[in-house]
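The values are calculated or read from the model by the stated rules, or taken from the named source; none is laboratory data. All values reported here derive from a predicted model rather than from experimental measurement. Cβ placement follows ideal geometry from the backbone for every residue including glycine, while neighbour counts extend to all protein chains displayed. Keep in mind that these areas ignore ligands, DNA and RNA; they rest on the heavy atoms of the full protein, side chains included. Shrake-Rupley method; radii C 1.70, N 1.55, O 1.52, S 1.80 Å.
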Amino acid sequence: MTDDKTPLELRAPLLDAMLEHVPFDGWSTTALKHAADDLGVSTAMAELAYPGGSMEVLAAHLERADEDLRIALEALDLPAMRIRDRITIAVRTRFEQAAKHREAVRRGVSLHALPQNMAAGMKAGWRTADVIWRACGDTSTDHNWYTKRASLLAVYSSTLLYWLNDESDDFADTWAFLDRRIENVMSFEKAKFKMRAACADAPSLSRFLGRLRYPGT
């Protein structure tokens with residue numbers, strides 16, 4: 001079935017097959033070899049499909065997860081919801097989609113926790129945060145673009161770690177944890193907005209000093 005496929009065409013089936021072995025062998029060359037065996041292809045062909053090895057397969061898995069999330073969120077009427085509800089539903093959707101491969105996700109988090117892989121893990125998390133904010137209608141281009149994604153990444157990362165160890169029915173404890181984290185962020189954003197509004201009407205030190213230097217301005 002796979003003998004006549006190119007390395008590019010083998011990427012998706014190899015990823016699917018490898019996901020069955022990751023819970024036991026991690027994101028490793030061993031898991032990739034088992035996936036190749038399952039498909040009846042040589043290890044050499046698997047290496048051509050993923051020249052970056054198991055880390056490249058993990059990256060492909062996370063990219064697919066982001067695309068699946070984007071498609072799912074497009075089908076929802078997010079603009080009709082409050083912003084906090086949009087974020088909550090988006091994050092929940094990501095975890096609900098990942099539930100069937102939770103152990104593979106756990107293995108991926110552990111791998112990204114290694115010093116040499118932290119940059120790749122941060123890049124993947126940042127991309128997920130961007131997918132969610134875009135689906136929620138964010139069009140910012142200034143510093144808010146960065147602060148929104150940084151705040152969401154903090155919420156997503158902490159909730160991810162909680163979810164990986166949650167044994168409650170239907171992850172009820174995770175959803176409660178997520179609600180609390182988002183409430184914290186929303187409270188901070190409200191406080192920041194009030195502070196910005198208050199500062200807008202406050203005397204400007206720079207203008208005061210300027211008048212001292214240039215009277216009449």
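Quick check for you: with a 1.4 Å probe and neighbouring chains kept, what is the accessible area per residue of segment 107-163, in Å²?
On the way: 2980 Å² over 57 residues.
Here the residues of segment 107-163 average 52 Å² of exposed surface.
Please identify the GluC sites (Glu not before Pro) of segment 1-104 that satisfy two criteria: DSSP loop assignment and at most 15 other Cβ atoms within 10 Å. Which are they?
On the way: sites: 9, 20, 47, 56, 63, 67, 74, 96, 103; in loops: 20.
Answer by residue number: 20.
Once you have the Cα-Cα distance between residue 75 and residue 4, take 0.36 nm times their residue separation minus that, and quote the gain in nm to one decimal.
Details: separation 71, 0.36 × 71 = 25.56 nm, distance 3.59 nm.
Between residue 75 and residue 4, full extension yields an extra 22.0 nm.
Would you work out which of 60, 72, 29 lies farthest towards the positive end of the dipole of segment 13-107? Charges go on Cβ: Lys and Arg +1, Asp and Glu -1.
Sorting the options by dipole projection puts first 72.
For segment 81-132, which semi-axes, largest first and in whole Å, follow from the square roots of 5 times the eigenvalues of its Cα gyration tensor?
Working: eigenvalues 113, 45, 8 Å².
The equivalent ellipsoid of segment 81-132 has semi-axes of 24, 15, 6 Å.
What does the convex hull of the alpha-carbon atoms of segment 1-128 project to on average, in nm²?
Working: hull surface 34.3 nm².
Result: a mean projected hull area of 8.6 nm².
Taking all protein chains in place and a 1.4 Å probe, what share, in percent, of the accessible surface of segment 1-132 do carbon and sulfur account for?
Numbers: 4000 of 6850 Å².
Carbon and sulfur together cover 58 percent of it.
With the other protein chains left in place, how much accessible area per residue, in square angstrom, belongs to segment 14-75 at a 1.4 angstrom probe?
Details: 2830 Å² over 62 residues.
Value for segment 14-75: 46 Å² per residue.
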